[in-house]
1. Can you list residue pairs whose Cβ atoms sit under 8 Å apart, with the first residue in the stretch 157-168 being over 16 Å from A120 (Cα atoms) and the second being of a type in the set (S, T, N, Q) and assigned to a helix (DSSP H, G or I)? Count only pairs 6 or more apart in sequence or on different chains.
2. Run down L128, L164 and say which single residue is assigned to a helix (DSSP H, G or I) and buried (at least 23 other Cβ atoms within 10 Å of the Cβ).
3. Keeping to the stretch 29-43, report how many residues are part of a helix (DSSP H, G or I) and either closer than 18 Å to A135 by Cα or at pLDDT below 95 (or both).
4. All but one of (1) on the phi > 0 side of the Ramachandran plot; (2) at pLDDT below 95 hold for G228; state the number of the condition that does not hold.
5. Anything in the stretch 63-119 that is in a helix (DSSP H, G or I), of a type in the set (S, T, Y) and under 25 Å from D171 (Cβ atoms)? List them, or say none.
6. What is the number of the single condition among (1) free of Cβ contacts under 8 Å to residues at least 24 places away in the same chain; (2) crowded, with 17+ Cβ neighbours inside 10 Å; (3) not hydrophobic (A, V, I, L, M, F, W, C) that G16 does not meet?
Amino acid sequence: MYGWKTKFKEIRKEFGYREKDDFLSAKKLNSLLEKRFSKKQLQEKITDKTVFIIGAGPSLSKSLTYIKKCKNVTKIVADGAVEALSKKDIKPDILVTDLDGDLNSIRKIGRTKIPIIVHAHGDNHDKLEIVKEFANVVGTTQTEEFGKMKNFGGFTDGDRCVFLAEFFNADKIVLIGMDFGQKIGKYSKHKVINRKTKLKKLKFGKRILEWFAIKSKADLYSTKKIKGYKMIRLVDLQCIENF
């Protein structure tokens, strides 16, 4: 997306992320991937489709019943949210993760052919070996693209899902479980070490999505109030399949 590189430079400066550390992780992930990224598998799931972006915010638990009723949408799930979906026997169509969520749930998806978008950054270098267990992996980076590594944009798992949907020209993008408040959802991260940093990331995630809304070509909806997105009630999620 135009302007994203400049936006991410601001994020690096704010959080003190070193590009060198990100590159080393991306280099490792690139070496672990067996095949190059295939556009076709993601195009078939996203292009011209209604896409639910499912985050791990506090409202996720009460959203699950409504999500399960929706059969004709593509579900792109952010990291820890997959654990909640798994408990309700809801399969994601795509999982986006930096491996901070429940690894047992992520491994379960990894044994299927569901695409897992694994993001490499300076803080998850030691976790990346797990991708050798996965059947269908796409590697992403927050550096320049190289080798098998792609950069679709985004900062947190949730907004990386949104950028992915935009990259492949989703028709409608619907945010669910994306709360951005002062409360951290129980599925948001397997272990929150620094609450202050986590809340700061959520704050930036919301800013990014509001910036994204100005540039996106898709119809944007959210079950929570976010500038640039039309509000949609959980009870109306089924209706959007037929809009």
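The values are calculated or read from the model by the stated rules, or taken from the named source; none is laboratory data. On a predicted model such as this, the values are computed, not experimentally measured, just so you know. Using ideal geometry, Cβ is built from the backbone for each residue, glycine included, and neighbour counts are taken over all protein chains shown.
1. F168/Q43
2. On the way: L128 fails: buried (at least 23 other Cβ atoms within 10 Å of the Cβ).
None of the others qualify; the one that does is L164.
3. First pass over the stretch 29-43, keeping only residues part of a helix (DSSP H, G or I): 29-32, 39-43.
The next check asks that each one be either closer than 18 Å to A135 by Cα or at pLDDT below 95 (or both); those that pass are 29-32, 39-42.
Of the residues in that region, 8 qualify.
4. So G228 meets the others, but not (2).
5. Narrowing the stretch 63-119 to residues in a helix (DSSP H, G or I): 63-69, 81-87, 103-110.
Remaining after also requiring of a type in the set (S, T, Y): 63, 65-66, 86, 105.
Selection gives S63, T65, Y66.
6. G16 satisfies all of (1) free of Cβ contacts under 8 Å to residues at least 24 places away in the same chain; (2) crowded, with 17+ Cβ neighbours inside 10 Å; (3) not hydrophobic (A, V, I, L, M, F, W, C) except (2).
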